[in-house]
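K.L.:
Take this structure first; my questions come after.
Nothing in this text is a laboratory measurement; each read-out follows from the coordinates by a stated rule. Remember, predicted model here, so these are calculated numbers, not experimental data. Here the Cβ is made from the backbone with ideal geometry for all residues, glycine too, and neighbour counts use every protein chain on show.
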Amino acid sequence: MDISVVIPLYNEVESLPELEEWIRRVMNENGFSYEILFIDDGSTDGSWDVVKSLSKKNEHVYGTSFRRNYGKSPALNTGFRRAKGDVVITMDADLQDSPDEIPELYRMIMEDGYDVVSGWKKKRYDPLSKTIPTKLFNATARKVSGIKNLHDFNCGLKAYRNEVTKHIEVYGDMHRYIPYLAKNAGYSKIGEKVVHHQARKYGKTKFGLDRFVNGYLDLGTLWFTGKFGVKPMHFFGLLGSLMFFLGLVAVIIVGATKLYNMYHGNPYILVTDSPYFYLSLVLMILGTQLFLTGFLGELIVRNSSRRNDYEIKAEIGRAVKDE
C-alpha cells in the first residue's frame, strides 16, 4: 500500500464528508493505493456516525473511536500503530490542511529519501493572538531540538516513512514535537515543505492559549529525556556535586574568616550568626538531594526493560542469536 492518511478528529461532523471526498479524488487522480484512518477522539456531535457512513461508501475508510476525549497525541499514536502504507500522512480534520499536498509529500519521502517531512504554513489565516506566540514557540523549539530547518513544528500536515511511525511513541501533548521524537529515535533526515493554509470552514478551534504553556513544558521534558533519559546521574549528579562543593567551600571560608580574625585579635561574629553559613548549608543539602535523585534515577533506569532498547539500522555478517 502506498499511503495511509491518519486523521485525528474531535467534533468535526460538518467537515468529514468533504474531507473524505477531497482525499479520495487526490488518490484516484494520482493512482495511489491508500487507506484513510479516522481516529475519533471521543466526539459528541455525531462525528463517529459520519465515519461509519463513509466507511460503508468507501472501502478504503477505516475508523477508531475512543470512549472519551484523550487528546490529539493518543489519537495519532493509535493511527500510527494501525497504518500500513509505505508513507503515513497526518492532517487535521477541519479542512485547514489541503489533501492536494499529498502527492508532493509522498514524493519527498519516497524519492528524496526524507524520513519526515513537516508542512510549513508560511501564510496563515489566523489572528495575531495565535500567530505571534506560534512564531516564538517555533523559534524556541528550533533552538532546543537542534532542527534548524523547521519553521512550523505544530503543523498537522506531515509525512513519515512508515518505519518512523513504528519506532516513536506519541503521548501526552507530544504531537507538537514529532520531528524531535523522530530525531531522538535516530531518524535525522527531516525536511520541510511550504503548504497551503486554509481558513477554518466549519466550527471553531479546539485549542486554547494554554497549549503554548504546555508546549514549553513538554519541550523541556523532551530535551531532558532525550539527553539524560538513560543517564540521569549525569544531570542530577553533576548539578548536585557542584552545589555541594560550592556550599562546602563557602562553609570553609566562613570558618576560616572567623579563625583568622580570632588569631589577629580582630572583631568577629559567631559562625551561626553569619547568613552565609546558612546559605552554605542550604547549598550542601540541595546538592545532596540532587545527587540522591540522580542515584535513584539510575536505579530506576537499571530496572527498566527498555534500558538497552536501541534501534539497529543494519547488520552485516552473522547476526547475534538470543540464548
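K.L.:
In degrees from 0 to 90, rounded to the nearest 10, what is the angle of the helix 210-228 Cα long axis to the longest principal axis of the chain?
P.N.:
70 degrees
K.L.:
Hey, in the GNM for the chain with a 10 angstrom Cα cutoff, which one of 275, 232, 74 fluctuates hardest?
P.N.:
Top of the fluctuation ranking is 275.
K.L.:
Quick one: among 27, 233, 262, which has the greatest mean-square fluctuation in a GNM of the chain with alpha-carbon springs under 10 angstrom?
P.N.:
Largest GNM mean-square fluctuation: 262.
K.L.:
Taking the highest mean first, how do the peptides 65-72, 15-22 order by number of other beta carbon atoms within 10 angstrom per residue?
P.N.:
Per-residue mean Cβ counts within 10 Å order the peptides as 15-22, 65-72.
K.L.:
Evaluate E = 1/(1 + (r/R0)^6) for residue 231 and residue 30, where r is the Cβ-Cβ distance and R0 equals 56 Å; express this FRET efficiency to the nearest 0.05.
P.N.:
So the FRET efficiency works out to roughly 0.75.
K.L.:
Continuing with the same structure: Go ahead and collect, in residue order, the members of region 245-263 whose backbone nitrogen is under 20 Å from a label point 7 Å along the Cα-Cβ direction of residue 281.
P.N.:
245-259
K.L.:
Of (1) 18.9; (2) 28.1; (3) 25.2, which is the value of mean projected area of the Cα convex hull in nm² derived from the coordinates here?
P.N.:
Read-out from the structure maps to (3).
K.L.:
Give the Rg (one decimal place) followed by the Dmax (whole number) of region 1-149, computed from C-alpha coordinates and expressed in Å.
P.N.:
16.1, 46
K.L.:
Measure up 121/201; 135/189; 123/158 against 20 Å on the Cα-Cα distance and list the ones that go over.
P.N.:
Cα-Cα > 20 Å for 135/189; rest within.
K.L.:
Test of understanding: express the Cα radius of gyration of region 20-97 as a ratio to 2.2 N^0.38 Å, with N the residue count.
P.N.:
1.09
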